[in-house]
Amino acid sequence: MKRHLISAADLTRDDAVLILDTAEEMARVADRPIKKLPTLRGRTICNLFFEDSTRTRISFEAAEKRLSADVINFAAKGSSVSKGESLKDTAQTLEAMGVDAVVIRHGASGAPYRLANSGWIDAPVINAGDGTHQHPTQALLDAFTMRRRLVGRDAGLGKDLAGRRITIVGDVLHSRVARSNVDLLHTLGAEVTLVAPPTLVPVGVETWPCEVSYSLDEVLPKSDAVMMLRVQRERMNAAFFPTEREYSRRYGLDAARMARMPEHAIVMHPGPMVRGMEITAEVADSDRCTVVEQVANGVSVRMAVLYLLLGGSEPAVTAPSRTEETK
Amino acid sequence: MSKTLIRGAKVLGGEAQDVLIDGETISEVGTGLSADGATVVEAAGQVLLPGLVDLHTHLREPGREDSETVLTGTRAAASGGYTAVFAMANTFPVADTAGVVEQVYRLGKESGYCDVQPIGAVTIGLEGKKLSELGAMHESAARVTVFSDDGKCVDDAVIMRRALEYVKAFGGVIAQHAQEPRLTEGAQMNEGIVSAELGLGGWPAVAEESIIARDVLLAEHVGSRVHICHLSTAGSVEIVRWAKSRGIDVTAEVTPHHLLLTDELVRSYNPVYKVNPPLRTERDVMALREALADGTIDIVATDHAPHPHEDKDCEWAAAAMGMVGLETALSVVQQTMVETGLLDWAGVAERMSFAPARIGGLSHLHGRPVSAGEPANLTLVDTSYRGVVDPAGFASRSRNTPYEGRELPGRVTHTFLRGRTTVVDGKLA
Ligand SMILES: [Zn+2]
């Protein structure tokens, strides 16, 4: 594995499977009364959030604390583009404080890449979402959720998603989740189809390892998982689509459409959902919808990533957990 | 009067000749000229060009003296072999009055490294709403003939039409920065395969091409002359080629960086590659080279755009757009146009000296033939030189070059401004 996790495209198939397998072990920890591992005791991780995202920050924080790391939360909201505290200044401050890893969320595409590659800081950098570029841990937790549901919790160990048909629906143009998922799912052998109005598909998509369709109804019957992306209402003001109603009629997932999916197929959403826009309440609350599981899986996957990036050659997760059990 | 003999230089890349400078003027060109009483510059193997003329320079003064001043910018120009530069109007305050253009003109005179010809803003404050006093700027001491809102596009079709018409009265020309503003809201890089992957706002080629298409048609309609700044796409080339074939009075420039670099470099997210118009694709680069060779594009202009370190040492979206270029332009042209066989040195002289002086109305002073009786504005180039670009050695106040660490050919050894050396043996005099 590389030293940083900036893009889902940085991961090989074996890297990704190792992360998913490790995450399964981490998930077992969550089922125990004491949910803590001593693995990262004495290590300091900074959650550097230039963009507000309570959900993602809490997920990383939970993962870090379960691994016994010391956590610094640094919210630099609003200062990304303004001439306040620059990314570089912040990075150098963290470097001076001796942090062992930085989890960064930033509104500007490429900010984590710059942080990792500009010599401003030495610690491993984990991208927690940058602009409309990448959100690799989201893609990993999505893949983890799919493998569990479509292959099986134990049966899935060591396996990828070969041959699974995954449909991603919505605002692909502005979505780091879509970009990360296309990269990772392709690496894991899945067949990805993007569905969106043409206005919300980027020019240049033709080189992506996936299919593009403008018709949700045609793709649904051939999907093992359907991932609905959040669509911001404001997009209609920039003429990406005429009205909210027309969008949800053509690209929203309601119960009637869900019924056209194969019986085993699941509905996913990275959250936060806009109910009534891309997804109806009925679908969101159905047991085929994995939104809540995705949140829980997010912690396990982030534990796995932190462990693998920071734990280095130390024993696998099971070893320290056994030690802990003897205490 | 001091005399200088440049001995054995290949004039415009042709036969080796001696050039004798007497005072401010070339007094003799020939072989075996007497060195009596003259300082001798041994130039065997080197190429002698007319002093280069840059139609598109940002000198930043007044207002952004932290990135460049007229003095540092003209020193950079001299280092790059230039004897005249046109200073863009997007300063603070904007060069939209006779007072500001005269100030820049005077600062240029004081610097002594390179002539500075101010460009006036087309509209007040570059806001695209009301015409600046174009006539007053033309009649000022600065004698402005080129007008541009560069940095911004004159996007209102009526304002553009009126500007094109109005400056005909005194032989002026509008230099358009072709960028349809609505199509480029939030734009960060060329829109295409790379922007799709990187998640950076796309800057479509059509945003440039649609304005150029409109403006050549406007120029035809009102019988005016229009100049297109930093043309960057294959489609723009096609439009200009079509316009010229129709007899429309259009000229166009290309920057050195658009002749060499592509949007693939943006994958590094290093803002040193962030520029307006953005770096395009390999296909565009090849089309631009071909167009510069066949005359569709008339000239090379640097769009020298200095920025302080902190404006580039940040994340891509927060970074300023632009690159310095005066000190590397000739080397990039040598690599992309001469060493590829697309242009000979006479062709370079046409595109970097004669034509820009003509377009800018400066050909009574610059872009003159290398012959007896002409002003001694000359550039001597060691074309066999190979060196790695080190911005620490730049004369410019800014270091935002995309070529750091890159090997480029050629080096300006001497620059003469009206007979006086501004560069000697590769160093500023
Ligand atoms: Zn411009």
Of (1) farther than 22 Å from A:Ala139 by Cα; (2) within 12 Å of another protein chain (Cβ to nearest Cβ); (3) hydrophobic (A, V, I, L, M, F, W, C); (4) touching a residue at least 40 places away in the same chain (Cβ under 8 Å), A:Phe240 satisfies all except one. Which? (2)
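For every residue, the table says whether it meets (1) surrounded by fewer than 22 Cβ atoms within 10 Å (Cβ to Cβ); (2) more than 14 Å from chain B (Cβ to nearest Cβ); (3) farther than 12 Å from A:Ala9 by Cβ.
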{"position": "A:Gly163", "(1), (2), (3)": "yes, yes, yes"}
{"position": "A:Thr167", "(1), (2), (3)": "no, yes, yes"}
{"position": "A:Gly170", "(1), (2), (3)": "no, yes, yes"}
{"position": "A:Arg176", "(1), (2), (3)": "no, no, yes"}
Would you mind finding the one in B:Ala301, B:Ala287 that is away from every other protein chain (no Cβ under 14 Å), at pLDDT 95 or above and within 22 Å of B:Pro375 (Cβ to Cβ)? B:Ala301
Check A:Glu218, A:Glu244, A:Glu211, A:Glu263 and return the single one that is among the acidic types (Asp, Glu) and at pLDDT below 95. A:Glu244
The correct count of residues that are within 16 Å of the ligand (Cβ to nearest atom) and closer than 22 Å to B:Thr83 by Cα in segment B:298-323 is 9
Since A:Asn297 meets every condition but one in (1) outside any loop (DSSP other than H, G, I, E, B); (2) of a type outside the set (Val, Ile, Thr); (3) surrounded by fewer than 21 Cβ atoms within 10 Å (Cβ to Cβ), which condition does it not meet? (3)
Can you find a residue in segment B:35-54 that is within 16 Å of the ligand (Cβ to nearest atom), touching a residue at least 40 places away in the same chain (Cβ under 8 Å) and in the same structural domain as B:Val348 (by TED's automatic domain parsing)? yes
Any pair with Cβ under 8 angstrom, 6 or more apart, that starts in segment B:128-153 at a residue that is assigned to a loop (DSSP other than H, G, I, E, B) and ends at one that is within 16 Å of the ligand (Cβ to nearest atom) and hydroxyl-bearing (Ser, Thr, Tyr): B:Lys129/B:Thr123; B:Lys130/B:Thr123; B:Ser132/B:Thr123; B:Asp149/B:Thr123
Residues in segment A:26-63 that are charged (D, E, K, R) and under 25 Å from A:Gly271 (Cβ atoms) total 8
Could you grab me the full set of residues in segment B:131-153 that are in contact with a strand residue (DSSP E or B) (Cβ under 9 Å, 6 or more places away or on another chain) and within 16 Å of the ligand (Cβ to nearest atom)? B:Val146, B:Phe147, B:Ser148, B:Asp149, B:Asp150, B:Lys152, B:Cys153
Sort out which residues of segment A:194-237 are of a type in the set (Lys, Arg) and within 14 Å of chain B (Cβ to nearest Cβ), and write them in order of number. A:Arg235
Only one of these is free of Cβ contacts under 8 Å to residues at least 24 places away in the same chain, surrounded by 18 or more Cβ atoms within 10 Å (Cβ to Cβ), assigned by TED's automatic domain parsing to the domain that holds B:Val237 and among the aliphatic types (A, V, I, L, M): B:Ala163, B:Ala187, B:Ala175, B:Ala196. Name it. B:Ala196
Quickly run through segment B:304-326 and pick out the residues that are within 14 Å of another protein chain (Cβ to nearest Cβ), outside any loop (DSSP other than H, G, I, E, B) and not hydrophobic (A, V, I, L, M, F, W, C). B:His309, B:Glu310, B:Asp311
Considering residues that are more than 14 Å from every other protein chain (Cβ to nearest Cβ) and within 24 Å of B:Tyr82 (Cα to Cα), the number found within segment B:263-284 is 3
Would you check if there is a residue in segment A:115-128 being within 20 Å of the chain's Cα centre (by Cα) and either in a helix (DSSP H, G or I) or at pLDDT below 90 (or both)? yes
Cβ-Cβ under 6 Å pairs, at least 6 apart or on other chains, segment B:276-298 side in the same structural domain as B:Leu55 (by TED's automatic domain parsing), far side more than 16 Å from the ligand (Cβ to nearest atom) and small (Gly, Ala, Ser): B:Arg283/B:Ala234; B:Asp284/B:Ala234; B:Ala287/B:Ala234; B:Ile297/B:Ala291; B:Asp298/B:Ala355
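The values are calculated or read from the model by the stated rules, or taken from the named source; none is laboratory data. Just so it is clear, the model here is predicted, and its values are computed rather than measured. When we count neighbours, we look across all protein chains shown, and the Cβ atoms used for this are built from the backbone with ideal geometry, even at glycine.
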